[in-house]
Amino acid sequence: MKRLKSIDIFRGVAMVYLMIGHMIDWWIISSEDGLFYAYISLFSAFGAAGFVFLSGISTMISYRNRIERVKTIENYTSKTVRKEYFIRALLVLGLAFGYNSIVAIMFLDPLIIWKWFIIMTVAGSLFLAWPLLKTSKWVRIIFGVLIWGVNQIVVSFLLPYEGNADIFGWFFYVLYNSPDQNPILSFLTFFLIGTVIGDILYDFSSNENEIERKRVFKRKIIAPLLISGVILIITSLWFLFPYLFTDKILTIKTNISWLIYTLGLDLIILLVLLILEEYNIFNTKKSYRSIYYFSYYSLSLFILQNVNFFLFFGLLNRYSIWFFTIATVLLYGALLRFIYKKLEGKFSLKVQIGIITNSIVRKKRAVDTSKKK
């Protein structure tokens, strides 16, 4: 299928958003934390929610590609697809624990080892979503809605036990450590809706008939994404006003209004990018490469950008911080471009996870074949 640049652009922008958000959080002087609250209030749809949403899209497109390979490649079976999927999920989980362990050592807090940073949330979503990948789009949508409903009940019940050394405190720790990050029950729905969009985009991109393609684009992409996105935003935005531009925005990731609003905004953002790409409204070749590196190296960059923590911690005001954040992003862009030319996939954790996965599957297949002989 044709590669959709819109997904790469969205992921690249999400990565830049995360980098800038972290730099503002780390570098701004404490008396001007309001800038961080404003940044989160305005652009949070590009952050972890968008990243998990895009992971769902990519996962479904990859899954559909592999299912097609089952039909055409000898000795490549649905069992092989399942093995590859779970090995990849385990590797992402291992990466998540590795990252969390480093952060736990930095802050001398062992409880951070189990914390719902983005990589951990993606890993959890991969495991939990597998049984649903073969189901219909509507089943995944309904399941996602039900998860959000259950999430509101569970978090309301467990919140008073946060920090307690009892069974309910343990459940809160497992499910919601910490509420300012990306708890699995809040974010799994973004992943599942992403798989639904991935299904639609896979079918659309596989259509080579230009006339039919344009008709499908209007009927199955523009209409549903626009209507769904607008409805979600309108029904939730009003309830968010008490949280916007205050410190309450930092603990809003279990709030149903924020979840609905962010999903709606993610759908609209993706739709705008798809329209720009499909109708060639702007030259994607020129703008694509500049943001592509942030997408291609997103996992690697998420880990690497933590060194920024030590550069100007708590030293910059609301004016000086923009010079240093923009300069840092530009330097990272130049660095990633240089790395891409010299190393390409060798520096990409996503690529390396794929290579390791294929290597493990091949070795397992070789062992199984030798046993049969």
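The values are calculated or read from the model by the stated rules, or taken from the named source; none is laboratory data. Every value quoted in this text rests on a predicted model; they were computed, and no experiment measured them. Counting neighbours? That spans all protein chains shown, and the Cβs are built from the backbone with ideal geometry, glycine included.
Which numbered condition in (1) closer than 25 Å to L192 by Cα; (2) touching a Ser or Thr at 6+ places or on another chain (Cβ under 7 Å); (3) of a type in the set (G, A, S) is the only one that G314 fails?
Single failed check for G314: (1).
Among the residues that make up segment 217-233, is at least one of them within 30 Å of L159 (Cα to Cα) and either modelled with pLDDT under 95 or more than 21 Å from the chain's Cα centre (by Cα) (or both)?
Checked against the condition, which is being within 30 Å of L159 (Cα to Cα) and either modelled with pLDDT under 95 or more than 21 Å from the chain's Cα centre (by Cα) (or both), segment 217-233 yields at least one hit.
For segment 328-335, indicate whether the set of residues that are surrounded by 17 or more Cβ atoms within 10 Å (Cβ to Cβ), among the aliphatic types (A, V, I, L, M) and under 30 Å from L90 (Cα atoms) is non-empty.
No, because not a single residue in segment 328-335 is surrounded by 17 or more Cβ atoms within 10 Å (Cβ to Cβ), among the aliphatic types (A, V, I, L, M) and under 30 Å from L90 (Cα atoms).
Could you say whether any residue in segment 23-43 is closer than 20 Å to Y297 by Cβ and either out of contact with any helix residue (DSSP H, G or I) (no Cβ under 6 Å at 6 or more places or on another chain) or crowded, with 22+ Cβ neighbours inside 10 Å (or both)?
yes
Within segment 186-193, is even one residue touching a residue at least 24 places away in the same chain (Cβ under 8 Å) and over 23 Å from A48 (Cα atoms)?
no
Determine if segment 57-75 includes at least one residue that is among the charged types (D, E, K, R) and either crowded, with 16+ Cβ neighbours inside 10 Å or touching a Ser or Thr at 6+ places or on another chain (Cβ under 8 Å) (or both).
Looking through segment 57-75, at least one residue is among the charged types (D, E, K, R) and either crowded, with 16+ Cβ neighbours inside 10 Å or touching a Ser or Thr at 6+ places or on another chain (Cβ under 8 Å) (or both).
Would you pick out the residues in segment 238-264 that are at pLDDT below 90 and either among the polar types (S, T, N, Q) or under 17 Å from the mean Cα position of the chain (by Cα) (or both)?
Once the filter is applied, which keeps residues that are at pLDDT below 90 and either among the polar types (S, T, N, Q) or under 17 Å from the mean Cα position of the chain (by Cα) (or both), segment 238-264 yields only T251.
Just the residues that are assigned to a helix (DSSP H, G or I) and at pLDDT 95 or above, please, taken from segment 19-32.
M19, I20, G21, H22, M23, I24, D25, W26, W27 - these are the residues of segment 19-32 that are assigned to a helix (DSSP H, G or I) and at pLDDT 95 or above.
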